[in-house]
Structure formats: C-alpha cells, structure tokens
Amino acid sequence: MTRTELSTIGEFGLISRINQQFTPQLSQTIKGIGDDAAVIDTGTDEYLLVSTDMLVEGVHFDLSYAPLKHLGYKAIAVNVSDIAAMNGIPRQVTVSVGLSNRFSVEAIDELYAGIQAACEAYKVDLVGGDTTASRSGLVISVTALGVVEKSKIAYRNGAKPNDIICVTGDLGAAYVGLQLLEREKREFLENPNMQPELEDKSYVVGRQLKPEARTDIVYELQDAGVIPTSMIDISDGLASEILHLCTQSGVGAQVFEENLPIADETYLANDEFKLSPLTGALNGGEDYELLFTIQQSDYEKIKNSPHISFVGFMTNQPDQVELITKGGGRFPIQAQGWQHLSK
Ligand code: ADP
Ligand code: MG
C-alpha cells in the first residue's frame, strides 16, 4: 500500500475526492457538496439550505487574543454567511463544542453569550448541538439551516459572460487585523508589561475578531428586485472565490484593481507592515463579504448602493481570470487561500 500525504491533494482536492464517492440518491437533494450550502427540496415554494463550518483552536483562532464572546459570535456569523451566499435567510443553528477542563463554566458562559448575541442579531434560533470532551483544544462546529424562495436561489455556477462582478463592503481588513493581533501577541510574550497598541486599529481588529454576515445584502437585493446570477461568500480571499465562480460557471473574469473596495484603515495598517493591501484583499480571507454577479440589465437597480462595489465582469474565456492593475497590466488571478493541510 502506498501512503499519499494529504498535503499533496490539499483541502479542495480532498473535498472533490469525497464528492466523487457520493452521488445524491434522493430527488429531494437538489445540490449536495460543492456550493456554500446544500440545497434540499421539501416540497414547498422554498428550498431548505444547510451549511456546516468548524472552528478549531490553533487553526482558526488563538484564545490569547480572541475573546470567547467574540469567538461565539464569529462561529454563528461565518455559518450565516454561507446561507446568505445562496441568497438565503438563516433560520436555525445547531452548535457542537469539544471542550477540555481547561475551561471554566464562566468561560463557556462567555462563549454562549456571544452565540446568543449572534442569534439575536441574525434572528436565528439555537435548536440543538452536541457536547463532548476534546484533548486538543476547543472545537466549535456550527450547522446553519436557512431558506430561499426557489426562484431566487443563487448558486456558484450561474455566472454568464458579460455579467457584472459585485463585492459588498470592503476587503483585506480582517487579514491585516490578524497580523496586528499576532504582532501584539509576540510583543506581549517578550514583555508582558507592555500595553497593547491597538486603540486606533479597532476597525481592522474588529473585522478579524467579530465579522458580520451580509444578510442585509440579501434583503437589499430582494428590495431592488435583483437576483444574482451567481454568488459565494469571501472566506478565503477574493482570488480563491472568483476562481470558484469562474470554474463552476465555465466563464473567465476581468477584475479591475482600481475598483476593489479597500478601507482607509486597511491601507494605514498595511503601511506599518509594509504589506500590500492588494494582496490582503485578494488572498487574505475572512472578510465574509459577498461576491456575486448580476446581469448588466440589473446594474441600474443597485448602482447607487453604498454597500456594493462593481469590480469587473465575466468573460467568455474560461481560462482567463485576470486582474487589470491600476497601471493597465494584466495578471492571472491565482488562489492562495488557506492551505491548512500543507502545514
Ligand atoms: P465554504 O468555504 O463555503 O464553507 P468549503 O470550501 O468549506 O465551503 O466546502 C465546499 C463544499 O464542500 C461544501 O459543499 C461543503 O459542504 C463540502 N465539504 C467540505 N468538507 C466536506 C467533507 N469532509 N465531507 C463532505 N463534504 C464536505
Ligand atoms: Mg462559503
């Protein structure tokens, strides 16, 4: 028997390997593996949406700077984000936790205070879960259920050439926020008497520690009468997500650097690290904004939205997914994303 290292196929390779082994057997399973949420037909006008995400200590969060309350909030928000990415509305969540006796009752109360705050913010009910011991740090797994009117669902594979590419909010802040938190941690470990210097960094740090799911955009598009032709949430960075939309839709894309939404606070924080805000926006991840495409004829309906930037368009050349730089250069967009399995 040969042994193949997981790092040789990576996270996406592993998911596609699993996907190949499981063809849906039920006619109610409209979409299985491969989108932001699974899509189930329950025989009404709405589809049921189901999405799961797991957060693992030491991989997705570091308790030396992530307060448990924020962590609880984030665990719900990132799952709600996957429901929003189907143009859906979240309804219920289940929360499973793996814990060690390192945590006090009060600490777990804090975690659940954050979960509760998110349940209120997104109007979802916590309806169950599981509790178990963990020998390798805190593990939080959330499953979110949601609904979408059948005629309004947005898959990753519906983009057409000439569709306009849209991004909500701004990009790259969560990544530079993480760099700041990691730096403060290193400095604190070297000199525990030091005071953290994060006062004027609250925007980018907040974007890392307490992201929001863009359920508001689902309502905004609905009010405007716009159904995205494709949609995904930006968990791994714009580059990786635009490639998902292009691959699954069989189209190419041109994205214009000058149209990418990057906050002033993000530029300032990147300056300190001599990092490029463009790299953070393309490959940083954890922004939990929505990336979607619309038909050109829908542009008028949302062009004045303060929450949406129009960053490019889809093309009929599937092998060309390009960034057009401010200077007019053209570069292929490559996914870096998070490669947990190669560590
Ligand atoms: P997202 O970033 O939107 O959460 P992922 O990249 O985690 O999406 O997952 C992509 C797809 O693969 C989803 O449909 C998800 O349900 C599925 N998936 C991920 N891991 C597994 C697994 N271990 N078994 C079955 N399906 C999986
Ligand atoms: Mg997603």
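Since every read-out is calculated from the coordinates, none of them should be taken as a lab result. Owing to the predicted nature of the structure, the values given are computational and were not obtained by experimental measurement. Using ideal geometry, Cβ is built from the backbone for each residue, glycine included, and neighbour counts are taken over all protein chains shown.
Here are some notes:
- Among (1) under 26 Å from ILE108 (Cβ atoms); (2) more than 9 Å from ligand 1 (Cβ to nearest atom), the one test that SER51 misses: (2)
- Residues that are in contact (Cβ under 8 Å) with a residue 24 or more places away in the chain and within 16 Å of ligand 1 (Cβ to nearest atom), drawn from segment 35-48: ASP35, ASP36, ALA37, VAL39, TYR47, LEU48
- Test: residue in segment 260-268 that is free of Cβ contacts under 8 Å to residues at least 40 places away in the same chain and under 29 Å from CYS119 (Cα atoms): no
- Scan of segment 79-110 for residues that are surrounded by 24 or more Cβ atoms within 10 Å (Cβ to Cβ) and of a type outside the set (S, T, N, Q), ordered by number: VAL80, ASP82, ILE83, ALA84, ALA85, MET86, GLY88, PRO90, VAL93
- Matching residues in segment 56-103 - criterion: being of a type in the set (S, T, N, Q) and assigned to a loop (DSSP other than H, G, I, E, B): SER64, ASN87, SER100, ASN101
- Residue in segment 125-140 that is touching a helix residue (DSSP H, G or I) at 6+ places or on another chain (Cβ under 8 Å), closer than 16 Å to LEU209 by Cα and crowded, with 16+ Cβ neighbours inside 10 Å present: yes
- Residue within segment 209-229 that is farther than 18 Å from ASP82 by Cβ, within 16 Å of ligand 2 (Cβ to nearest atom) and surrounded by fewer than 22 Cβ atoms within 10 Å (Cβ to Cβ) present: no
- All conditions but one from (1) buried (at least 24 other Cβ atoms within 10 Å of the Cβ); (2) part of a strand (DSSP E or B) apply to LEU282; the one that does not is (2).
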